[in-house]
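Please treat every number below as a calculation from the coordinates, not as lab data. Because the structure is a prediction, the values reported are computed rather than measured. Note that we place each Cβ from the backbone using ideal geometry, even for glycine, and neighbour counts take in every protein chain shown.
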Amino acid sequence: MAKESKAKIQKKKKGGHHFTLAILAGLVLGILFGLLMPGRLEWAVPVLSLISGIYMNALRMMIYPLVFCSLIVGIQGIGSVSATGKIGGQCVLYYVATTLFASLLGLFLPKVLGVGTGVAIEMTESSVEATQFTSLLDTLQNLIPSNPVASFAEGNMLQVLVFAILIGITCLSIGEKAQPFVKLAESINDISIKIISVVMHFTPIGVFSSIAFVIYSNGKETVIAIGSVLVALYVTMALYVLIVYGGIVKFLGKCNIKEFFKKVSPAALNAFGTCSSSATLPISKQCADELGIPNEVSSLALPLGATINMDAVSIVMSFMIVFFANACGVEVSYSLLAVVLLANTLLSIGTPGVPGGAIASFAALSSIAGLPAGIMGVYISINTMCDMGATCANVLGDLACSAAMKETTKSYRKTL
């Protein structure tokens, strides 16, 4: 029996390794195909758009049932209301702290290196409505959904999370009377996971179609023109992932770094290809299961991370503010950088985990920094290229938090 079990584990690991290679192959082939499409393979554009749309919709279809039900099931697994509050509070503290640090890195590093100095920017007009700051009281008020059904329909993840937590805590407090509903949630959760596991088999094709369409839409000239800036940005994000997330995984999560990155690579590659941390959430959940992270931790940390953990988005926005300021000859003082840092942290936390979610936030930041409005057209043209790496890093951050909390919340959880 032991030999048979060991053989099954080895077969599963081998299958996971092949699946990761298949996603990577889809990513590379998609980039090459996207570069070859203009003037040669134009007929493939509607086909790729169709396949990409179907794949993304199939993933999104189960996001909210999975998030809602897995949270309720996860809270039952925690076992007490106070423990749920401690785990949730630890998640929020982790995400806010890392986002603040990411904003600081994104401002400091390009400022020191003088990124953008001597670069000529050709302004283009683009009408973008900047994200408006709301008061803390308004923000708190909007956390509570006046119409939970509308929250699901409109895709307001934060309100769905709050509603699920309230229902989960209530079920926990009334005990036996809530068991029929809890069992229903468990069934829906199992159904969602099964559907997602089937959709995951098509991930290499979905990533191929998504990335090919992205490369085609931006054009080879755009990719080459912003290559040096993107390289610097990607190096910054890579260092952040390896040093910060790697350190968190090793020292807090007590997990082998190499093993961690190997097991989370399917989620990371999917995030890179789709530019959506929300759509990658189901795959992230399966990666968390592979790492042995308890459901009561991952069901809370991952959806919350997909909503408020925007470390890499924060790096991108800070980085681009300094880049455009240097390129346009706008002097951004350190006192103004401090204001941008705080605003960036707040805005990036509120950035939705969907493609292009950072554009409106960047419009608000660029206005604060005193940059000309014409840069928005340039930023939009490169946003997707930035978004791919940022989404990948954000998803890794969500999983790093889950890995760390597997160890740091042991004393709070009923089941270890």
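Quick rundown of the values:
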| quantity | calculated |
| --- | --- |
| Distance in nm between pseudo-label sites at M61 and D190 (7 Å out along the Cβ direction from Cα) | 2.1 |
| Förster radius 30 Å - calculated FRET efficiency between E154 and L50, Cβ distance, rounded to 0.05 | 0.75 |
| Per-peptide average of other Cβ atoms within 10 Å, ordering 273-281, 193-201, 101-109, 327-335 highest first | 273-281, 101-109, 193-201, 327-335 |
| Using a Förster distance of 41 Å, the FRET efficiency for S367-K183 (Cβ separation, nearest 0.05) | 0.20 |
| Integer Hz, Karplus 6.51/-1.76/1.60 couplings in order for segment 242-259, x for Gly and Pro | 5, 7, 6, 5, x, x, 5, 5, 6, 8, 8, x, 6, 10, 5, 4, 4, 5 |
| Extension gain (nm, one decimal) between S197 and K250, 0.36 nm per residue minus Cα-Cα | 16.2 nm |
| Residue-wise HN-Hα coupling along segment 299-309, computed from phi with Karplus coefficients 6.51, -1.76, 1.60 (Hz; x: Gly, Pro) | 5, 9, 5, 6, x, 5, x, 5, 9, 10, 8 |
| For segment 170-178, Karplus couplings with θ = phi - 60° (6.51, -1.76, 1.60), whole Hz, Gly/Pro x | 5, 4, 5, 6, 8, x, 4, 4, 8 |
| Theoretical gain in end-to-end length, L239 to I257 [0.36 nm per residue, Cα-Cα removed] | 5.1 nm |
| Segment 52-119: C-alpha gyration tensor shape, a/c 1.5 cut-off, then a/b vs b/c | oblate |
| P(r) of segment 206-312 over all Cα-Cα pairs, binned every 5 Å from zero, in whole percent | 2, 11, 16, 22, 22, 13, 8, 5, 2, 0 |
